[in-house]
């Protein structure tokens, strides 16, 4: 009984220890899902893509190598054909041959024809001495005694029934190549040959066909050249003419037939490689052209047929590598992740303990009145508890930030509205007063013009309640203002507006230029009684900033006054400057508005000389258009 009890206790402790170990090394389910989706699946896709790209590159290299081999075979065959054509040309240009084949009355004597046969036999033996020539044949008039020899001399009438005889006649002496066909010779019997034939005419009677010269080569010459191609079994290498008729094929039954229409469609250009679906199976097709005769040498086969054994072994090796890499990605990261999770669990416990200790809203695990932490029950894993604690802190911080941000926005809006409200009333009063006196002293035309300019001014200044306008609209607002003032102060000043191209659509705070222009006109030009005033407004780009300059030739200012205009509040400026120097609410307010919009590094700068004039520079952010 005692041993059983101890054994039971030991098993219970082992069970507890095993559960603790599993708990320590357990990985949360979201982590496992993330691991599969972010590591295993992308790795599998990458490895598969790598396999596909490697297989594609390897296949393309194999196809390129096979195509080069096919082109070399085509070059060899083309060279042999060119030699046959040279031999045919040499025999065709033999003058004696035409004399022997021409039909003349004295040719009918037996003695003469025996002498002709000796000379022709010498010509034939000379031609046939070339290793590529199987037979030289002459098809002559049946009146010739030797026309029935059937070794080198044949009757011309026996050729007229062949289907390619019209092509020989139509060629007019040019070489016409046949496909592979079987011919019976008395000396060697039946033989498969390819022939180069050409018609011969009587030099004295050009309309008469006196014979056909034919140079024969054995079909196995083509097969010997093509047998050097180290292609896989099942790959078909065949020869077709320019019309798509098969001249040579490993399957004799296909010689003389037309190639598949699908294959014919991909034969574009003198050489190339392509794929075509034939009988629901993808075929790789490679081809090259023999330039002398226009024939095409074609290699055709499925992917499995064209792929050499080395390529297949490489593919099997790559699949094995994919399986090995997949196992590696599944096993090693899983072990590393389990170790990392164990360490993170310890740190998470420390963080949760610190949050509970420092949180003033926690009271015995219950929610406080201001929305503190909810009760934190024990769950499987410590990350949920950490999330609950951090969520509470984030909520508190976010609430404080939002409150601070909202108060700043309200404060800025109130400042902007207060600053903008100080600008308009004085100008509106003066404009209406001017319109009144103009109506008294002049006709209705100028009153209409003033009203129109005033309407433009309000339209541009109000801007449908928006606080930003384009550079073009701001310049137009200044222009309307100056036109109104020109009507008010006749012949006292001129103005000019300049704008660098491309800046018209840039955005800026509204009512920036008009207060500055008003200040230049009323406190600068109007007080210079000895000369006609001039105001120049210039807008340009300076690096990444938008720069306005407003120049006037008014009375100017002293340096101490320039320094006070932008740093001292307007009501204090009135006390410092006295009652006769006017107001500078516009400059101060504009400068403050710019700083609120763009920052402390932007705003107004003033340069002035007493008796010469004043230049006011306004610097804004160029990227405000975004």
Task: Contacts under 8 angstrom Cβ, first residue in region 579-593 being modelled with pLDDT under 60, partner surrounded by fewer than 17 Cβ atoms within 10 Å (Cβ to Cβ), 6 or more apart - done: 583/570; 583/574; 584/570
- [ ] Return yes when residue 505 is assigned by TED's automatic domain parsing to the domain that holds residue 562 and touching a strand residue (DSSP E or B) at 6+ places or on another chain (Cβ under 8 Å) and no when it is not.
- [x] yes
TODO: Could you tell me which residue of region 594-626 is surrounded by the most Cβ atoms within 10 Å (Cβ to Cβ), considering only residues that are at pLDDT 85 or above, out of contact with any helix residue (DSSP H, G or I) (no Cβ under 8 Å at 6 or more places or on another chain) and not in a strand (DSSP E or B)?
DONE: 594
Task: Top-ranked residue in region 221-244 [being surrounded by fewer than 15 Cβ atoms within 10 Å (Cβ to Cβ) and either at pLDDT 85 or above or within 43 Å of the chain's Cα centre (by Cα) (or both); ranked as farthest from residue 278 (Cα to Cα)] - done: 230
TODO: Scan region 164-182 residue by residue and report those that are assigned to a helix (DSSP H, G or I) and either surrounded by 14 or more Cβ atoms within 10 Å (Cβ to Cβ) or touching a strand residue (DSSP E or B) at 6+ places or on another chain (Cβ under 7 Å) (or both).
DONE: 165, 167, 168, 169
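Regarding residue 186, is this residue surrounded by fewer than 21 Cβ atoms within 10 Å (Cβ to Cβ) and out of contact with any helix residue (DSSP H, G or I) (no Cβ under 8 Å at 6 or more places or on another chain)?
Judged against the criteria, residue 186 is a match.
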- [ ] Please give the helices (runs of 4 or more DSSP H) falling wholly within region 1-115 in which 3 or more residues are within 30 Å of residue 201 (Cβ to Cβ), modelled with pLDDT of 80 or more and touching a helix residue (DSSP H, G or I) at 6+ places or on another chain (Cβ under 8 Å).
- [x] 41-92
Task: Any pair with Cβ under 9 angstrom, 6 or more apart, that starts in region 229-252 at a residue that is on the phi > 0 side of the Ramachandran plot and ends at one that is assigned to a loop (DSSP other than H, G, I, E, B) and surrounded by 17 or more Cβ atoms within 10 Å (Cβ to Cβ) - done: 244/259; 244/267
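Please go through region 258-290 and pick out each residue that is in a loop (DSSP other than H, G, I, E, B) and either loosely packed, with under 14 Cβ neighbours inside 10 Å or under 31 Å from the mean Cα position of the chain (by Cα) (or both).
Result: 267, 268, 269, 270, 279, 280.
Out of curiosity, is residue 211 closer than 14 Å to residue 247 by Cβ and surrounded by 15 or more Cβ atoms within 10 Å (Cβ to Cβ)?
When the stated conditions are applied, residue 211 does not pass them.
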TODO: Can you run down the residue pairs with Cβ atoms below 7 Å, 6 or more apart or on separate chains, where the first is in region 341-353 and free of Cβ contacts under 8 Å to residues at least 60 places away in the same chain and the partner is not in a helix (DSSP H, G or I)?
DONE: 348/382; 349/382; 352/382
TODO: Please determine, by comparing only the residues of region 139-163 that are outside any loop (DSSP other than H, G, I, E, B) and touching a helix residue (DSSP H, G or I) at 6+ places or on another chain (Cβ under 7 Å), which one is surrounded by the most Cβ atoms within 10 Å (Cβ to Cβ).
DONE: 139
Task: region 464-501: number of residues that are in contact with a helix residue (DSSP H, G or I) (Cβ under 8 Å, 6 or more places away or on another chain) and part of a helix (DSSP H, G or I) - done: 14
Open item on the list: Just to be sure before I move on: is residue 251 more than 25 Å from residue 71 (Cα to Cα) and either surrounded by fewer than 16 Cβ atoms within 10 Å (Cβ to Cβ) or not assigned by TED's automatic domain parsing to the domain that holds residue 143 (or both) in the structure I sent?
Closed with: no
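The values are calculated or read from the model by the stated rules, or taken from the named source; none is laboratory data. All values reported here derive from a predicted model rather than from experimental measurement. Ideal geometry is used to build each Cβ from the backbone, glycine not excepted, and the neighbour counts take in all protein chains shown.
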